[in-house]
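Notes to accompany the following structure.
The values are calculated or read from the model by the stated rules, or taken from the named source; none is laboratory data. What you are looking at is a predicted structure, and each value in this text was computed from that prediction instead of being measured. Glycine gets a Cβ as well: all are built from the backbone with ideal geometry, and neighbour counts include every protein chain shown. Heavy atoms of the whole protein, side chains included, go into the accessibility calculation; ligands, DNA and RNA do not. Shrake-Rupley method; radii C 1.70, N 1.55, O 1.52, S 1.80 Å.
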Amino acid sequence: MPIELYRDGQHACLMFTDLVEEDNQAVQANQFLIVDNGTGAVIDPGGNLAFNELFLGMSRHFSPQKLSYIIASHADPDIIASLDRWLTSTPAQLVISRVWERFVPHFTKVGKTDRRVIGVADAGGRLPLGRSELWLLPAHFLHSEGNFHFYDPVSRILFTGDLGVSITSGRDAQVPVTDLGKGHLRLMEGFHRRYMVSNKVMRLWVRMARQLDIRMLVPQHGAPLEGAAIGQFFDWAESLMCGIDLFDEKHYQLPTAAIAVPAKAAPAGVA
Ligand SMILES: [Fe+2]
Ligand SMILES: [Fe+2]
């Protein structure tokens, strides 16, 4: 069941948190549907694991034939690997960074992306949606080279993709965090240190994001942040050393350790 992050007579934001079965092979991921005056957009619809459930779940709220956009923060498999199926099942156009525009056709059958990709320049912009608009904010290198966040001025939700994530279960992802205590930071820290590119871009991003009026900050993995947790996240993010800040010559040595290769289970019928 989706969580309603916002709803009024003309506008709704839904979050799906538990479409991918939790078997420890695939990381928990959130998918989002925004509807304004009968027009819809899916944000970061995910991979093939999420497609069937999201498509069915979405159809309960909204006709897939009225889907205008598939909006991708970046081009990772957990963001957009289901692209072929979305382009087949809806008339929507893909909105993605120009950095990835010519790479995403590799996710689809030949010709599927013809005239269906809106490549967005590094500066971002305001995308019309129904009678409203979504703001595409530059978030490059957090973590992907071409990366956008999405601000919805009606609900005042900032969708932050892989920034602000916590590694947790689909159930825990349903409960907004209001205080960024040690327990929650422990679920965030390892991911941000390794996946975010540098403290410089974290600080540039925080300076931009502080100018927004944000009711909820919603990442693609784990729980939304609201109330005091939003300012606490900004403070934490702008002081975090991460990515290339932490890498030096000892991380670039010729390897000596053998990679452990587990024995494969024999396919059925093979002696
Ligand atoms: Fe990613
Ligand atoms: Fe992700």
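Things worth noting here:
- Residue ID - nearest to ligand 2 (Cβ to nearest atom), chosen from residues in the range 80-98 that are surrounded by fewer than 21 Cβ atoms within 10 Å (Cβ to Cβ) and under 12 Å from V117 (Cα atoms): R98
- I214 touching a residue at least 12 places away in the same chain (Cβ under 8 Å), within 27 Å of Q10 (Cα to Cα), hydrophobic (A, V, I, L, M, F, W, C) and assigned to a loop (DSSP other than H, G, I, E, B): yes
- Evaluation of P77 against the conditions (1) within 15 Å of ligand 1 (Cβ to nearest atom); (2) buried (at least 17 other Cβ atoms within 10 Å of the Cβ) shows that the sole unmet condition is (2).
- Checklist (1) within 32 Å of the chain's Cα centre (by Cα); (2) in a loop (DSSP other than H, G, I, E, B); (3) at negative phi applied to A258, failing item: (1)
- When L136 is tested against (1) open to solvent by less than 40 Å² (accessible area, probe 1.4 Å); (2) within 16 Å of ligand 2 (Cβ to nearest atom), just one condition goes unmet, and that condition is (2).
- G190 satisfies every condition listed in (1) more than 16 Å from ligand 1 (Cβ to nearest atom); (2) free of Cβ contacts under 8 Å to residues at least 60 places away in the same chain; (3) open to solvent by less than 80 Å² (accessible area, probe 1.4 Å) except (1).
Per-residue answers, yes or no, for (1) outside any loop (DSSP other than H, G, I, E, B); (2) touching a residue at least 12 places away in the same chain (Cβ under 8 Å); (3) farther than 26 Å from S155 by Cβ; (4) not charged (D, E, K, R):
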| residue | (1), (2), (3), (4) |
| --- | --- |
| L87 | yes, yes, yes, yes |
| I96 | yes, yes, no, yes |
| H106 | yes, no, yes, yes |
| V110 | no, no, yes, yes |
| D114 | no, no, yes, no |
| L127 | yes, yes, no, yes |
| L134 | yes, yes, no, yes |
| L137 | yes, yes, no, yes |
| H140 | no, yes, no, yes |
